[in-house]
Amino acid sequence: MPTAEAIRTQIEKIALGEPFTSTQFTGAGRRAAVDQALSRMVKHEQIARLARGVFVRPKTSKYVGQVMPEPAKIAQAIASAHGETLQVQGAEAARLLGLTTQMPMQSVFYTSGPGRKLKVGNLQLVFKHVPSRKLALAGQPSGLALTALWYLGKAHVTPHAIETIREKLSPEAFEQLKAEARSMPGWMAETLHRNEQGGSSV
């Protein structure tokens, strides 16, 4: 099957509005042929380029026109294209877990790659490089909880915060969080331990 046809067949199986990367088509042909086929599809408006190597089959609404994918999905696709580990920023993680109601002003993500800002349409994505231990359990509910705890800091990781996280996670995910003590500062691991023992944090 010609490269262009193979790529088109694969793309038709991807949901509208779901980002994908050029690296997904490495088995369809040589890199140059893959890039050329994708560029032609962009030119004919069959797909839209979100960033270098990242594309989407546009999803449209009769009210607002083309609907962009969620920032987190775009960021994950970009990270995957570059072989990076990605984690939701702590402030957003805390909000998703009900630990704060504050809405982050920017779409910020922690990454194992270089820090940078990318413009995707009218959306700006901020990638912030962080140490590997802040990316532990990335992409999992337990990882979301871990990055939220890092964000809250020692003064705000209280027994109440731990109980809120416990209620949001499955028992398995909460156990996975506790087991990741090696990625935590001492105060965080101690607070989790004290909570399990029915004590109070310091």
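Points to keep in mind about this one:
- Positive contributions from Lys and Arg (+1) and negative ones from Asp and Glu (-1), summed over other residues with Cβ under 15 Å from the Cβ of Leu38, come out at +4.
- Fully extended contour minus Cα-Cα distance, from Arg182 to Lys43, at 0.36 nm per residue: 45.1 nm
- With eigenvalues of the C-alpha gyration tensor scaled by 5 and rooted, segment 3-60, Å: 17, 11, 10
- Summing charges over all other residues whose Cβ lies under 15 Å from the Cβ of Ala189, with Lys and Arg as +1 and Asp and Glu as -1, gives +2.
- 14 Å beta-carbon shell around Ala145, net charge (K/R +1, D/E -1): -1
- Solvent-free Debye scattering, log10 I(q)/I(0), computed from the Cα coordinates of the chain at q = 0.07, 0.15, 0.18 Å⁻¹: -0.28, -0.94, -1.15
- Short to long, the 5 Å bins of the Cα pair-distance histogram for segment 112-202 hold 3, 13, 22, 23, 14, 10, 8, 5, 2, 1 percent of all pairs.
- Over the chain: helical MRE at 222 nm, DSSP H runs n ≥ 4 each giving -39500 (n - 2.57), nearest 500: -12000 deg cm²/dmol
- Where labels lie 7 Å past Cα in the beta-carbon direction, separation of Thr60 and Met103 in nm: 2.8 nm
- Coupling constants for segment 135-150 follow from the phi torsions by the Karplus curve (6.51 cos²θ - 1.76 cosθ + 1.60, θ = phi - 60°), and in residue order they are 10, 4, 6, 4, x, 10, x, 5, x, 4, 5, 5, 5, 5, 5, 4 Hz; glycine and proline get x.
- From phi via Karplus (6.51, -1.76, 1.60), per-residue ³J(HN,Hα) for segment 183-188 in Hz, x at Gly/Pro: 8, 9, x, x, 5, 6
- Backbone N atoms of segment 9-26 closer than 13 Å to the 7 Å Cα→Cβ label point of Glu70 belong to residues 18-19.
- Taking every lysine pair in the chain that is 8 or more places apart or spans two chains, those with Cα atoms closer than 21 Å amount to 20.
- Helix 71-81 axis versus longest C-alpha principal axis of the chain: approximately 70°, rounded to the nearest ten.
- Cα centroid of segment 173-195 to Cα centroid of segment 31-101, whole Å: 33 Å
- Rounded to the nearest Hz, the phi-derived 3J(HN,Hα) couplings of segment 14-26 under the Karplus curve 6.51 cos²θ - 1.76 cosθ + 1.60 (θ = phi - 60°) are 8, 4, 4, x, 9, x, 9, 10, 5, 5, 6, 10, 4, where x marks glycine and proline.
- Loop-resident chymotrypsin sites (Phe, Trp or Tyr not before Pro) (DSSP state other than H, G, I, E or B) in segment 40-149 with no more than 13 further Cβ atoms inside 10 Å of their Cβ: Tyr63.
- Built amide H within the under 5 Å cut-off of Leu86, gap 5+: none
Read-outs throughout are calculated quantities, based only on the coordinates presented, and are distinct from any laboratory measurement. Quick caveat: nothing in here was measured; it's all calculated off a predicted structure. Neighbour counts run over all protein chains shown; Cβ positions are idealised from the backbone, glycine included.
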